[in-house]
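Structure first, commentary second.
The values are calculated or read from the model by the stated rules, or taken from the named source; none is laboratory data. Just so we're clear, the structure is a prediction, and the values are computed from it rather than from any experiment. Cβ sites come from the backbone with ideal geometry, for glycine too, and all protein chains shown count toward neighbours.
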Amino acid sequence: MSKARIRWIGGPVLKARTEGPFHVHEAIAVGAQRLLGEVIQLDGDLIVAQVYEDTTGLKPGDPVEGTGAALSVSLGPGILGHIFDGLLRPLGAVTEHWFEPGLGVRRNQEFDFTPCAAAGDSLAPGQPFGEVAGHGPGRLCLVPPDVSGRIVSIASAGRHAEDEIVLVLETPAGERKLAMQHDWPVRRPRPVAARLLADAPMVTGQRILDTLFPVARGGRAALPGGFGTGKTVLQESLAKWCDTDIIVYVGCGERGNEMAEVLDELPELEDPRTGRPLMERTVIIANTSNMPVAAREASIYTAITVAEYFRDQGLHVALMADSTSRWAEALREVSGRLGELPGESGYPAYLASRLADFYERASRVTPLAGGEGSVTVIGAVSPPAGDFSEPVTSHTKRYVRSFWGLDRSRAQARFYPAIHPLSSYAEDVDTLARWWQLQGNPDWKSHRRRLLTLLEQQARLERMARIVGKDALPAEQQLTLLCADLVNEGFLRQSAFSPADRYCSPRRQTAMLKLMMRFMDLAEEAIAQGAAPDDIAAMPVLRSLQRLGEEYPEDRVDEMTAVAAVVESAFSRLARQETANAG
Ligand code: ADP
Ligand code: MG
């Protein structure tokens, strides 16, 4: 292997004079401790590299050794249910020392392996050759996406370590020995048979998302918000409730105590669908602010590589990154150390292209082995001072199709989720309308439009009401404000901590929405007939509508028809009163 000697070192970055060839993205072993690093630039006979561990004690003259391979992670059945650092090395309990430094930390868990192919069979790239015993999805053993050949030998059913040779292939390039796990470079997207268009939402169980700002399966969404606006709580709700097979959660540069909460909570959670531990279908990648900054830069690529690996098994995967701003800060720090010309807010000029590299790997695909899989990416962004015009938020906006803007004043009013309907958007509404139609709501798109129009009008009328006073507004406008309040309180508000309401199925969302729509139709009619807005505001049924989410959990959806009957009779009564008053 090629060797080099350190000439200069500054924090996580070093320059070394080479004695032999290196290539960009090659993994290297640095110093006597053989710390893991990666070549990021070639400059004549110098390499520029970043080191994924604490570099204290390294000095000029220390040795660097190439590995000949791109920075890679080991993908195999031992990933699910565990907590790793940014390079997929296992983390133990949350302690002061997160992991032992040094290359070659191996995972060697044992699994009960059952082959699904026999000697003499041909295996195409990405094809499964066996399965390990256990619960839940994600237990296939795949041929690497760039390998194919005829089976010379394959292990019989039995217990094997994850890194033990279980398959020998005769390939065009010679014999290839394979284990249940295989390495894949983190910066290279895994190949697929075909990329597919989005045609269904990733159901989140959050009304404001599914009904107003859906994200497609295989789509990408950004969740920007200042400190304390609810990014982590929402990411956790999504992890728990969204309808994907696998969750990859990457905690990126948040403070240790915030990450510790997630690390404490997630492993405790029960999967609401199966009653088994949610961790069985979850992978956590943790790089807190006290961990090496370069590993944080790598961690989101590691996470998306892991997500693609499960996608390639024909599974639907959701990847939550919290927060991509801390990731961008790592990029900025490394760039600063390299003395690169800083761009906006000190971020390097390639911030945008790196964000694109990440988000563009969200996908709905036909995997090499057939079937269908997807990776949906949800990136939290924490803009300083909640300013969405800063570089990370504004560049992220270019690459996502759903934008869920968290709002400080909503959060301060404890209105959760604090997503502001007027600073959020979703671009796949036309494609997803068909899915809602199949769910029994052909009117989803027009209902959604009506809600958004109402909320826009509310913002305008509230400004006006502040000037002229609410009572000076015409009756129809007063009604608009009343209906907007109802939609906010009764539909968009949803506590992550309410057992009855923390999850809302598409069916329940539709039932609630239909009730709200019916109320608004009747109220508009009543106003047109001369009813006073105050009479409508005083209707007791309005309180029931505001509490629909809490009062009618999933097992009582059908009973909402009773509320519909009350709405109808309340308006008939109002109409009779009007006629009596007129007469
Ligand atoms: P961030 O990650 O944006 O800094 P958090 O997700 O930690 O913010 O949220 C801060 C606090 O706000 C939480 O501890 C919780 O009390 C409250 N909160 C946030 N989102 C919700 C929600 N969806 N339902 C109920 N409470 C919430
Ligand atoms: Mg947080």
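Tabulated values for the structure
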{"read-out": "Tally, over region 347-370, of residues that are over 28 Å from Glu390 (Cβ atoms) and of a type in the set (D, E, K, R)", "value": "1"}
{"read-out": "Enumeration of residues in region 373-384 that are away from ligand 2 (no atom under 16 Å from the Cβ) and either hydroxyl-bearing (Ser, Thr, Tyr) or under 18 Å from Ser345 (Cβ atoms) (or both)", "value": "Ser374, Thr376"}
{"read-out": "Contacts under 8 angstrom Cβ, first residue in region 67-91 being surrounded by fewer than 19 Cβ atoms within 10 Å (Cβ to Cβ), partner assigned to a loop (DSSP other than H, G, I, E, B) and small (Gly, Ala, Ser), 6 or more apart", "value": "Gly68/Ser2"}
{"read-out": "Glu280 being more than 14 Å from ligand 1 (Cβ to nearest atom), assigned to a helix (DSSP H, G or I) and not small (Gly, Ala, Ser)", "value": "yes"}
{"read-out": "Residue match in region 202-210 (condition: among the basic types (Lys, Arg), out of contact with any strand residue (DSSP E or B) (no Cβ under 7 Å at 6 or more places or on another chain) and under 30 Å from Gly405 (Cβ atoms))", "value": "yes"}
{"read-out": "Matching residues, region 52-61, being surrounded by fewer than 19 Cβ atoms within 10 Å (Cβ to Cβ) and of a type in the set (D, E, K, R)", "value": "Asp54, Lys59"}
{"read-out": "Qualifying residue in region 540-561 (condition: exposed (fewer than 13 other Cβ atoms within 10 Å of the Cβ) and of a type in the set (A, V, I, L, M, F, W, C))", "value": "no"}
{"read-out": "Check on Leu492, in contact with a helix residue (DSSP H, G or I) (Cβ under 6 Å, 6 or more places away or on another chain), of a type outside the set (Asp, Glu) and at pLDDT 95 or above", "value": "yes"}
{"read-out": "Unmet criterion (only one of (1) out of contact with any helix residue (DSSP H, G or I) (no Cβ under 8 Å at 6 or more places or on another chain); (2) away from ligand 1 (no atom under 16 Å from the Cβ); (3) of a type outside the set (Ser, Thr, Tyr)) for Leu234", "value": "(2)"}
{"read-out": "Any hit, region 40-47, residues being free of Cβ contacts under 8 Å to residues at least 24 places away in the same chain, out of contact with any Gly (no Cβ under 8 Å at 6 or more places or on another chain), outside any strand (DSSP E or B) and not β-branched (Val, Ile, Thr)", "value": "yes"}
{"read-out": "Members of region 69-80 found to be at pLDDT 90 or above and of a type outside the set (A, V, I, L, M), listed by number", "value": "Ser72, Ser74, Gly76, Pro77"}
{"read-out": "Top-ranked residue in region 223-247 [being outside any loop (DSSP other than H, G, I, E, B) and touching a Lys or Arg at 6+ places or on another chain (Cβ under 7 Å); ranked as farthest from ligand 2 (Cβ to nearest atom)]", "value": "Ile246"}
{"read-out": "Residues of region 456-479 that turn out to be in contact (Cβ under 8 Å) with a residue 24 or more places away in the chain and of a type in the set (A, V, I, L, M, F, W, C), as a count", "value": "3"}
{"read-out": "Hits in region 331-345 (condition: in contact (Cβ under 8 Å) with a residue 40 or more places away in the chain and farther than 16 Å from Val392 by Cβ)", "value": "Arg337, Leu338"}
{"read-out": "Only listed residue being within 25 Å of Glu360 (Cα to Cα), in contact with an Asp or Glu (Cβ under 6 Å, 6 or more places away or on another chain) and either among the aromatic types (Phe, Trp, Tyr) or at pLDDT 95 or above (or both), chosen from Val215, Val203, Val248, Val192", "value": "Val203"}
{"read-out": "Any hit, region 355-368, residues being within 15 Å of the chain's Cα centre (by Cα), within 16 Å of ligand 1 (Cβ to nearest atom), in a loop (DSSP other than H, G, I, E, B) and in contact (Cβ under 8 Å) with a residue 12 or more places away in the chain", "value": "no"}
{"read-out": "Members of region 110-147 found to be crowded, with 20+ Cβ neighbours inside 10 Å and hydroxyl-bearing (Ser, Thr, Tyr), listed by number", "value": "none"}
{"read-out": "Total residues in region 148-166, condition of a type in the set (Ser, Thr, Tyr) and either under 15 Å from Arg176 (Cβ atoms) or surrounded by 15 or more Cβ atoms within 10 Å (Cβ to Cβ) (or both)", "value": "2"}
{"read-out": "Qualifying position, being over 25 Å from Ser325 (Cα atoms), away from ligand 2 (no atom under 16 Å from the Cβ) and among the small types (Gly, Ala, Ser), among Ala198, Ala295", "value": "Ala198"}
{"read-out": "Positions within region 329-355 being among the hydrophobic types (A, V, I, L, M, F, W, C) and more than 16 Å from Ser299 (Cβ to Cβ), in sequence order", "value": "Leu338, Leu341, Ala349, Leu351, Ala352"}
{"read-out": "Pairs with Cβ under 6 Å, 6+ apart, first in region 227-245 and among the charged types (D, E, K, R), second at pLDDT 95 or above and within 6 Å of ligand 1 (Cβ to nearest atom)", "value": "Lys231/Gly225"}
{"read-out": "Filter result for Glu261 (under 17 Å from Phe84 (Cα atoms), within 15 Å of ligand 2 (Cβ to nearest atom), surrounded by 20 or more Cβ atoms within 10 Å (Cβ to Cβ) and assigned by TED's automatic domain parsing to the domain that holds Val306)", "value": "no"}
{"read-out": "Members of region 358-385 found to be under 16 Å from Ala328 (Cα atoms) and either of a type in the set (Ser, Thr, Tyr) or touching a Phe, Trp or Tyr at 6+ places or on another chain (Cβ under 8 Å) (or both), listed by number", "value": "Phe358, Tyr359, Gly379, Ser382"}
{"read-out": "Boolean, Thr204 is more than 18 Å from Trp435 (Cβ to Cβ) and buried (at least 24 other Cβ atoms within 10 Å of the Cβ)", "value": "no"}
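This table checks each residue for (1) under 15 Å from the mean Cα position of the chain (by Cα); (2) closer than 24 Å to Val215 by Cα.
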site: Gln313; (1), (2): no, yes
site: Asp322; (1), (2): yes, yes
site: Trp327; (1), (2): yes, yes
site: Leu331; (1), (2): no, no
site: Val334; (1), (2): no, no
site: Gly343; (1), (2): no, no
site: Ala352; (1), (2): no, yes
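Each row is one residue, and each column tells you yes or no for (1) surrounded by fewer than 24 Cβ atoms within 10 Å (Cβ to Cβ); (2) of a type in the set (Ser, Thr, Tyr); (3) free of Cβ contacts under 8 Å to residues at least 60 places away in the same chain; (4) closer than 27 Å to Trp241 by Cβ.
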{"residue": "Arg311", "(1), (2), (3), (4)": "no, no, no, yes"}
{"residue": "Arg326", "(1), (2), (3), (4)": "no, no, no, yes"}
{"residue": "Glu329", "(1), (2), (3), (4)": "yes, no, no, no"}
{"residue": "Tyr347", "(1), (2), (3), (4)": "yes, yes, yes, no"}
